[in-house]
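Quick notes on the structure that follows.
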Amino acid sequence: MIAIWVLTSCNSKNQTQSSTSKADEAVIQSVLDRQVAAWNEANIDEFMTGYWKSDSILFIGSKITTGWDSTLVRYKKSYPDKAAMGKLRFEILRMDFVSPDSYLVTGKYFLTREKDNPSGIFTLLFKKKNGNWVIVYDHTS
């Protein structure tokens, strides 16, 4: 009888975690979708709402940038206008559950611009901060 209770309890816990994970993944996907929409409207300020507004975030691209404000400045310097920004598209390759408040997202980005079409890969660490899923670490190359 105890074995049945343990199996039922574990199965119920896994189903709850699975449904919670799916809900969290959907919220994270919506954060990414909002970022793409903001980028494609040439709105870097709105794009940045996907990041944790903290001095602790880390962005790794061609160099390491620490902090939300510095990341915003870097984006605005690298992408000064709509032509430089182009049209963005993400292809999410995987979302890995790390802990109840952490996900690792791996994907590809594609920019379509008049003169070129850069693309690359990224790894994002999402954390739940104050009830919201935000990027705390971004490694894009």
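Scanning the stretch 128-141 for residues that are assigned to a strand (DSSP E or B) and in contact (Cβ under 8 Å) with a residue 24 or more places away in the chain turns up 128, 129, 133, 134, 135, 136, 137, 138, 139, 140.
Yes/no matrix, rows are residues, columns are (1) in contact with a helix residue (DSSP H, G or I) (Cβ under 7 Å, 6 or more places away or on another chain); (2) assigned to a strand (DSSP E or B); (3) among the acidic types (Asp, Glu):
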{"position": "91", "(1), (2), (3)": "no, yes, yes"}
{"position": "97", "(1), (2), (3)": "yes, yes, no"}
{"position": "104", "(1), (2), (3)": "no, yes, no"}
{"position": "109", "(1), (2), (3)": "no, yes, no"}
{"position": "116", "(1), (2), (3)": "no, no, yes"}
{"position": "120", "(1), (2), (3)": "no, yes, no"}
{"position": "123", "(1), (2), (3)": "no, yes, no"}
{"position": "126", "(1), (2), (3)": "yes, yes, no"}
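The set of residues from the stretch 15-25 being modelled with pLDDT of 70 or more and either surrounded by 12 or more Cβ atoms within 10 Å (Cβ to Cβ) or in contact with a Ser or Thr (Cβ under 8 Å, 6 or more places away or on another chain) (or both) comprises 20, 21, 24, 25. Scanning the stretch 130-141 for residues that are open to solvent by less than 60 Å² (accessible area, probe 1.4 Å) and farther than 16 Å from residue 63 by Cα, which turns out nearest to the chain's Cα centre (by Cα)? Out of the qualifying residues, it is 135. Restricting the stretch 83-106 to residues that are open to solvent by less than 40 Å² (accessible area, probe 1.4 Å) and without any contact (Cβ under 8 Å) to a residue 40 or more places away in the chain, the residue that is farthest from residue 141 (Cα to Cα) is 99. Cβ-Cβ contacts under 8 Å between residues 6 or more apart (or on different chains), taken from a first residue in the stretch 42-59 that is small (Gly, Ala, Ser) to a second residue that is assigned to a loop (DSSP other than H, G, I, E, B), are listed as 42/81; 54/67; 56/67.
The values are calculated or read from the model by the stated rules, or taken from the named source; none is laboratory data. Model, not experiment: these values are computed from the prediction. Neighbour counts run over all protein chains shown; Cβ positions are idealised from the backbone, glycine included. Just so you know, the surface numbers come from the protein's heavy atoms only, side chains and all, with ligands and any DNA or RNA stripped out. Shrake-Rupley method; radii C 1.70, N 1.55, O 1.52, S 1.80 Å.
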